[in-house]
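**Q** Can you keep this structure in mind? I'll have questions shortly.
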Protein chains: 2
Amino acid sequence: MIVTNTPDVLNEEVADTALGLLLATVRHLPQAERYLRAGNWPKHGDYQLTPSLRDRTVGIVGMGRIGKAIARRLDAMNVPVVYHSRRPTDVPYKHYPNLIEMARDAHVLLVITPGGAATRNLINAEVLDALGGDGILINMARGSVVDEVALIKALKDKKILSAGLDVFANEPSVPQELIEMENVVLLPHVGSASIATRRAMDQLVADNIISWFAGKGALTPVAETPVKK
Amino acid sequence: MIVTNTPDVLNEEVADTALGLLLATVRHLPQAERYLRAGNWPKHGDYQLTPSLRDRTVGIVGMGRIGKAIARRLDAMNVPVVYHSRRPTDVPYKHYPNLIEMARDAHVLLVITPGGAATRNLINAEVLDALGGDGILINMARGSVVDEVALIKALKDKKILSAGLDVFANEPSVPQELIEMENVVLLPHVGSASIATRRAMDQLVADNIISWFAGKGALTPVAETPVKK
């Protein structure tokens, strides 16, 4: 048996979504949209001034292919980038071996590390504490990477400012406590969910099968696969 | 009398908002947020697949300082950029002297041109027709630049796909017909409305006044001002 995945074809799409979620969270875009649609603009005046990316450093947790695509976007926005990963990689940004230290120095944590046992509850109460009262958490990775109970408590206690989440511990169910909060942006795991990108992913699945039955092996076997092409 | 403005201090913030509005509109971020908050994810399954920036060229209408800051961001996202302005400027993107031709070739029109008489209703029915059924309009300029009646008709008749609007003809009032549409993202003119950027703008106003009363003239007089420093 061989297991394949669809690497790379979704990197740029997920990086787009990460940037959209980051901007939506920092600049309150869905909240401002709700305010307008509810008829509040003429009644209650301008929407409140919001936080900004202009005075923030973004700490990326996980500097794989998608992390790099996100960092490239932030570079172009003149937003300083730092990162945490187990080992430093070939990027020009400051590497923090210690996540707590990065959380202390950065104003946004953007999580895009793989899921699984190694990263379970990586973003815990201690990390959120270090991020601090002006800090923003963006999770584009897996729900398992963030201790959701600790996150809800940190938001309630104003230990951090706000959060943007594309993933949850128990999808598709989302804690009602989060849904009732105004200082969070909640997306139903739409990271790669565009027509164009899902079509490219489907095509790569088909190409893997065709290649396999043509005796050429799989095109994109996962690293753990026992069969080599 | 001398009139001053606050150039440059808001360019990057407005470019951030433009990118956020573009991503929110193309990838349906506020709609997906509403879907989740309404409890539809567990009940009705994943949110629909959306359009993407991955297969789109963005045509920027107006290549001034903010237009350039937006183009720099799109470059980093590997999104092809073209532009329309009265005269070509010092950028490496294809210039269209004819707006209709650009609307025909591009899949997004992002409007960031100055307001005023010269651009009133620049985006009219003919331009929207040329943009076409897969086309998306983003207006970050002034409400006056878009013929709002023609836009509403184009959206209703599916002559274009969707729109993201930060500005309106009659702010703060927004046509009820737009508010009732699902394929639009509507922001209450939040382009530069962050705490950090408004503080920088206030500071520049103060600096202008201080400079003036110190006998050094205004720092940032508008081009039309009759008094030179």
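**Q** Using the 2.2 N^0.38 Å rule of thumb for compact globular proteins, work out how the protein assembly as shown stacks up: its C-alpha Rg over that value, please.
**A** Working: Rg = 23.0 Å, N = 458, 2.2 N^0.38 = 22.6 Å.
Taking the Cα Rg and dividing by 2.2 N^0.38 Å, one obtains 1.02.
**Q** Could you give each residue of the range A:102-114 its phi-based ³J(HN,Hα) in whole Hz, using Karplus coefficients 6.51, -1.76, 1.60 with θ = phi - 60°, and x for Gly or Pro?
**A** 5, 4, 5, 7, 8, 10, 9, 10, 10, 9, 9, 9, x
**Q** Hey, how many Å between the Cα centroid of the range B:112-130 and the Cα centroid of the range A:139-198?
**A** That distance is 39 Å.
**Q** Given the rotation relating A and B, tell me which residue in A puts its Cβ closest to the axis and the distance in Å.
**A** Residue of A nearest the axis onto B, distance in Å: A:76, 2.
**Q** Assigning unit charges at the beta carbon (Lys, Arg +1; Asp, Glu -1) and nothing else, what dipole magnitude in debye, to the nearest 20, does chain A show about its Cα centre?
**A** Working: 25 positive and 25 negative charges, 82 e Å.
For chain A, the charge dipole is close to 400 debye.
**Q** Test of understanding: in a Gaussian network model of chain B with alpha carbons linked when under 10 Å, which of B:188, B:92, B:51 would top the mean-square fluctuation ranking?
**A** Fluctuation is largest for B:92.
**Q** Is the range B:98-181 best put as rounded, prolate or oblate by its Cα gyration tensor, with a ≥ b ≥ c the root eigenvalues, rounded for a/c under 1.5, and otherwise prolate when a/b is larger than b/c, oblate when not? Write down the numbers at each step before the final one.
**A** Numbers: a/c = 1.81, a/b = 1.12, b/c = 1.62.
Oblate, because a/c is 1.5 or more while a/b does not exceed b/c.
**Q** I'd like the mean, over residues of B:44-57, of how many other protein chain beta carbons sit within 10 Å of each residue's own Cβ.
**A** Details: counts 1, 2, 6, 6, 3, 9, 8, 3, 13, 6, 10, 6, 1, 0.
The per-residue average across the peptide is 5.
**Q** Counting only DSSP beta bridges with both residues in chain B, what percent are antiparallel, rounded to the nearest 5?
**A** Working: 2 of 25 bridges.
So the antiparallel bridges in chain B amount to around 10 percent.
**Q** Counting DSSP beta bridges with both partners in the range B:105-229, what percentage is antiparallel, nearest 5?
**A** Numbers: 1 of 13 bridges.
Expressed as a percentage, antiparallel bridges in the range B:105-229 total about 10.
**Q** Taking residue B:104 in one copy and the same position in all the others, each labelled 7 Å out along Cα→Cβ, what are the pairwise distances from the first, in nm, shortest first?
**A** 6.2
**Q** Just how far, in whole angstrom, is the range B:18-33 from the range B:69-94 if you go by their alpha carbon centroids?
**A** If you average the Cα positions of each part, the centres end up 21 Å apart.
**Q** Would you mind working out the magnitude of the charge dipole of the protein assembly as shown relative to its Cα centre, with +1 at each Lys and Arg C-beta and -1 at each Asp and Glu C-beta, to the nearest 20 Debye?
**A** Values: 50 positive and 50 negative charges, 140 e Å.
Approximately 680 debye in magnitude.
**Q** Now, a different point. Using θ = phi - 60° and the Karplus curve 6.51 cos²θ - 1.76 cosθ + 1.60, what whole-Hz ³J(HN,Hα) does each residue of the range B:177-189 get, with Gly and Pro shown as x?
**A** Along the range B:177-189, the couplings run 4, 5, 4, 7, 7, 8, 8, 9, 10, 10, 10, x, 6 Hz.
**Q** Same structure again: Before anything else, pin down the relative contact order of chain A: Cα pairs under 8 Å, at least 6 apart, normalised by residue count, whole percent.
**A** So the answer I get is 23 percent.
**Q** Now a separate question. Past 30 Å, Cα to Cα: identify those pairs from A:159/B:43; A:43/A:153; B:94/B:158; A:43/B:153, in the order given.
**A** Values: A:159/B:43 33 Å; A:43/A:153 33 Å; B:94/B:158 28 Å; A:43/B:153 27 Å.
As for pairs spanning more than 30 Å Cα to Cα, those are A:159/B:43; A:43/A:153.
**Q** Counting helices only, and only those DSSP H runs with n ≥ 4, report the 222 nm mean residue ellipticity of chain B as the sum of -39,500 (n - 2.57) divided by its residues, in deg cm²/dmol to the nearest 500. Don't skip to the answer; put the middle values down first.
**A** Numbers: 9 runs with 88 residues, N = 229.
About -11000 deg cm²/dmol.
**Q** Pick from B:141, B:196, B:130: which is most flexible by mean-square fluctuation in a GNM of chain B where alpha carbon atoms under 10 Å apart are linked?
**A** Of the options given, B:196 has the highest mean-square fluctuation.
**Q** Right, another one. For chain A, list the DSSP H helices whose alpha carbon atoms reach 20 Å or more along the long axis and whose average Kyte-Doolittle value is 0.5 or above? Could the numbers behind the result be given before it?
**A** Working: long enough: A:11-26 (22 Å, 0.83); A:195-213 (27 Å, 0.33).
In chain A, the long hydrophobic H runs are A:11-26.
**Q** Just the number, please: buried accessible area between B and A, total of both chains, 1.4 angstrom probe, nearest 100 square angstrom.
**A** Details: alone 12500 and 12520 Å², together 20320 Å².
In total, chains B and A hide about 4700 Å² from solvent.
**Q** Let me ask another. Partner chain Cβ atoms within 10 Å, averaged over the residues of B:190-200 - can you pull that number for me?
**A** Working: counts 12, 1, 2, 9, 10, 7, 8, 5, 3, 4, 3.
The shielding value for this peptide is 6.
**Q** Sticking with this one: Net charge within 15 Å of residue B:35 by Cβ-Cβ distance, Lys/Arg positive one each and Asp/Glu negative one each, not counting residue B:35 itself?
**A** Every neighbour counted, the sum reads 0.
**Q** Further question on the same structure: What does the structure give for A:166-178 when I average, per residue, the other chain Cβ atoms found within 10 Å of the residue Cβ?
**A** On the way: counts 2, 0, 2, 0, 1, 3, 10, 3, 5, 0, 1, 0, 2.
Taking all residues of A:166-178 together, the mean is 2.
**Q** Distances in nm, one decimal, shortest first, from residue A:205 to the same residue in every other copy, taking the label point 7 angstrom along Cα→Cβ.
**A** For residue A:205, the inter-copy label distances come out at 5.6 nm.
**Q** Follow-up. Tell me which of A:71, A:44, A:139 sits at the most positive position along the dipole axis of the protein assembly as shown, charges placed on C-beta atoms (Lys, Arg +1; Asp, Glu -1).
**A** After comparing all options, I get A:71.
**Q** Now for a different question. Of all DSSP beta bridges in the protein assembly as shown, what percent run antiparallel (nearest 5)?
**A** Values: 4 of 52 bridges.
Of the beta bridges lying entirely in the protein assembly as shown, close to 10 percent run antiparallel.
**Q** One decimal, nm, shortest first: give the distances between the label point of residue A:7 and those of the same position in the other copies, each label point 7 Å from Cα along Cα→Cβ.
**A** 4.9
The values are calculated or read from the model by the stated rules, or taken from the named source; none is laboratory data. What you are looking at is a predicted structure, and each value in this text was computed from that prediction instead of being measured. Don't worry about glycine lacking a Cβ; one is built from the backbone with ideal geometry, like all the others, and counts go over all protein chains shown. When the accessible area is computed, the model is the full protein with side chains, heavy atoms only, and any ligands, DNA or RNA have been set aside. Shrake-Rupley method; radii C 1.70, N 1.55, O 1.52, S 1.80 Å.
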